[in-house]
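A short worksheet on the structure shown next.
The values are calculated or read from the model by the stated rules, or taken from the named source; none is laboratory data. Bear in mind the structure is a predicted one, so any value in this text is a computation, not a measurement. Note that each Cβ is placed from the backbone with ideal geometry, even for glycine, and that neighbours are counted across all protein chains shown. Please note that ligands, DNA and RNA were not included when accessible areas were found on the heavy atoms of the full protein model with its side chains. Shrake-Rupley method; radii C 1.70, N 1.55, O 1.52, S 1.80 Å.
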Amino acid sequence: LWEEDIELMNNLGLKAYRFSVSWSRILPNGTGDINEAGISFYNDIIDALLEHNIEPFITLYHWDLPQALEDRYGGWANRDIVEDFGDYARICFKAFGDRVKYWITINEGWTTAIHGYEEGSNAPGFMGRDVGGTGKPYEVGHHLLLAHARAVEVFRTEGYNGLIGISNSGDYRYPLDPTSDDDMEAATRSMEFQLGWMTDPLWLGDYPPSMRQILGERLPHFTEEERQKLIGSADFLGLNHYSTAMASKPSEPPNYGGYWADQMVTLGDDPLWKKTDMGWNVAPDGAREILSWIDHRYNHPLIYITENGMAAYEPDKGHSIHDKARVEYLEGYIRAFGQALDRGVNLRGYFAWSLLDNFEWQYGFSKRFGIVHVNYTTLVRTPKSSALFYKKVIKTNGDILPK
C-alpha cells in the first residue's frame with residue numbers, strides 16, 4: 001500500500017514527507033547483522049518519494065527500541081546505548097545519505113523519558129523511582145541527548161551532506177495571572193522542564209538552570225567533552241507542538257513525588273478553549289508564542305514544525321470524512337505559525353500530524369489523527385475534508401488563510 005500512499009501524497013501536493021526508520025527493521029538484534037530487506041524497503045520508499053518531487057525527512061528514532069537492547073542492558077536506561085545508536089545511525093547514513101538530505105535523530109525524547117520511564121504509559125512501561133517504581137527518567141533523557149550528539153558526530157565527521165536536527169515536544173504555557181511574578185516564573189519553568197530539558201543542552205550547553213536548582217544531583221552532569229559535542233549539534237530544531245495550558249505557582253507543596261511534582265507548577269485551562277479527543281487544549285495563539293519563546297531563547301534558530309495536529313471524535317466514517325473540527329484546528333494553527341513568521345521567526349517548514357489515521361501507541365486505533373481516513377479492516381484510504389483543505393493551503397502557500 002505504500003506506493004498508493006505516495007501517490008496520495010503527490011495528489012495532495014506534499015512537498016516533503018517525514019517518516020521514521022525502524023531500528024529493529026534495520027538491525028533486528030539492535031546491533032550486529034543488517035537486515036538487507038529492511039534497507040531495500042526504505043530505499044524503495046525514498047526513491048518513490050523523490051520520483052514525485054517529495055523531499056524525504058528521515059527520523060532515526062520514534063520510540064520503537066529493539067527489544068533485544070531492552071533485554072540485553074535495559075535500553076535507554078543504560079549508557080551503552082549511546083554507541084549502539086551511533087552505529088545504527090551510521091548504517092542509515094551510509095544506506096540512504098546519497099539521497100536523503102534532512103535527518104532527525106530523536107523524536108520527542110521527553111516523551112520517551114516521561115511516558116516510558118516515569119508514568120509507565122509508553123514502552124517499556126516503567127514508573128519512576130520517585131513514584132514507587134524503578135524508572136530513571138532524568139538518566140534516560142541524558143542518554144537520549146548523548147545518543148543524538150553521537151549520531152551527529154558520525155554524520156559530520158564521516159562526510160555526509162545535509163541538515164541534521166532533533167524533534168522535541170513543546171507546549172506553550174501562559175501565566176494564569178500575567179501580573180504575578182510567581183505565575184510568570186511557573187510558566188517559564190514548565191516550558192523549561194519540557195522543551196528546555198531536551199533543547200537547552202544543544203544550544204546553551206547545559207540543562208535549564210531551574211532544573212539544576214530543583215533537581216540537584218538527581219540531574220546528570222555533562223563532561224566538558226560531552227558539552228562541546230552537544231552545543232551546535234542540531235542544524236535545526238524540529239518542534240512537535242499540539243497544545244497550550246495555563247501555569248501557576250501551587251498554593252501549597254505537592255503531596256506526591258516525581259517529575260510533575262519537581263516542576264512546582266499547577267497547570268490549568270482557559271474555559272473558552274475547546275479540547276481535542278485526546279483532551280488537549282486547542283489554543284492556536286500559543287503556537288505563535290512558543291515559536292517566539294524559542295526564537296528569543298536560542299538566538300533565532302532554524303525551526304521546522306515536525307508535528308502539529310489533532311485527534312477528533314470520529315465514531316464512524318461519515319463523521320471522519322467531514323472533520324470540520326480538524327479543518328478549524330489546522331487553519332488556526334497554520335495561521336498562528338504564519339504570524340510567528342511575520343515576527344521574524346526562522347520557520348522553514350511545516351508537517352501536519354498525521355497523513356493517515358494510525359496506531360496511536362497505548363491508545364491503539366481509538367484515536368484518529370489523520371487527514372486521510374483509514375478503514376482498519378480493508379485498509380482503504382479516503383481523504384477527509386481536512387486533506388482537501390490542506391491541499392489548498394499547500395497550493396496557495398497559505399494565502400487562502402484569513403489573516
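If you scan region 265-281, which residues turn out to be among the small types (Gly, Ala, Ser) and assigned to a loop (DSSP other than H, G, I, E, B)? Full working, then the answer.
Keep residues of region 265-281 that are among the small types (Gly, Ala, Ser), which gives 268, 279.
Once the filter is applied, which keeps residues that are among the small types (Gly, Ala, Ser) and assigned to a loop (DSSP other than H, G, I, E, B), region 265-281 yields only 279.
Would you mind finding the one in 321, 371, 400 that is farther than 30 Å from residue 190 by Cα, open to solvent by 40 Å² or more (accessible area, probe 1.4 Å) and in contact with a Lys or Arg (Cβ under 6 Å, 6 or more places away or on another chain)? Spell out the reasoning first.
Numbers: 321 fails: open to solvent by 40 Å² or more (accessible area, probe 1.4 Å); 371 fails: open to solvent by 40 Å² or more (accessible area, probe 1.4 Å).
Residue meeting the stated conditions: 400.
Checking the conditions here, which among 77, 16, 48 is closer than 30 Å to residue 139 by Cα and aliphatic (A, V, I, L, M)? If you could, list the steps in order and put the result at the bottom.
Details: 16 fails: closer than 30 Å to residue 139 by Cα; 48 fails: closer than 30 Å to residue 139 by Cα.
Checking each option against the conditions leaves just 77.
Would you check which residues across region 126-136 are more than 13 Å from residue 75 (Cβ to Cβ) and buried (at least 22 other Cβ atoms within 10 Å of the Cβ) and list them?
Across region 126-136, the qualifying residue is only 128.
Just for helices (runs of 4 or more DSSP H) wholly inside region 190-264: which have at least 3 residues that are without any contact (Cβ under 8 Å) to a residue 60 or more places away in the chain and more than 21 Å from residue 167 (Cβ to Cβ)? Even if it seems obvious, please write down each step before you answer.
Details: elements: 197-203, 209-215, 224-230, 259-262.
The qualifying helices (runs of 4 or more DSSP H) are 209-215, 224-230.
Taking the residues in region 61-86 that are touching a residue at least 24 places away in the same chain (Cβ under 8 Å) and of a type in the set (Asp, Glu) as candidates, determine which candidate is most open to solvent (accessible area, probe 1.4 Å).
Filtering region 61-86 for residues touching a residue at least 24 places away in the same chain (Cβ under 8 Å) gives 61-70, 72, 75-79, 81-86.
Those still in the list that are of a type in the set (Asp, Glu) too: 64, 70, 83-84.
On the way: 64: 47, 70: 36, 83: 94, 84: 28 Å².
My answer is 83.
Just one of 278, 246, 310 is surrounded by 14 or more Cβ atoms within 10 Å (Cβ to Cβ) and touching a helix residue (DSSP H, G or I) at 6+ places or on another chain (Cβ under 6 Å); which is it?
Values: 278 fails: touching a helix residue (DSSP H, G or I) at 6+ places or on another chain (Cβ under 6 Å); 246 fails: touching a helix residue (DSSP H, G or I) at 6+ places or on another chain (Cβ under 6 Å).
When all the criteria are applied, what remains is 310.
Can you say whether residue 148 is at pLDDT 95 or above, within 15 Å of the chain's Cα centre (by Cα) and closer than 18 Å to residue 61 by Cα, as far as the supplied structure shows? Before the answer, list the steps.
Details: at pLDDT 95 or above: yes; within 15 Å of the chain's Cα centre (by Cα): yes; closer than 18 Å to residue 61 by Cα: yes.
In short, yes.
What are the pairs with Cβ atoms under 9 angstrom where one residue, in region 9-27, is over 30 Å from residue 397 (Cβ atoms) and among the aromatic types (Phe, Trp, Tyr) and the other, located anywhere, is open to solvent by 30 Å² or more (accessible area, probe 1.4 Å) and outside any helix (DSSP H, G or I)? Sequence gap at least six, or different chains.
Between residues of region 9-27 that are over 30 Å from residue 397 (Cβ atoms) and among the aromatic types (Phe, Trp, Tyr) and residues that are open to solvent by 30 Å² or more (accessible area, probe 1.4 Å) and outside any helix (DSSP H, G or I), the close pairs are 23/64; 23/65.
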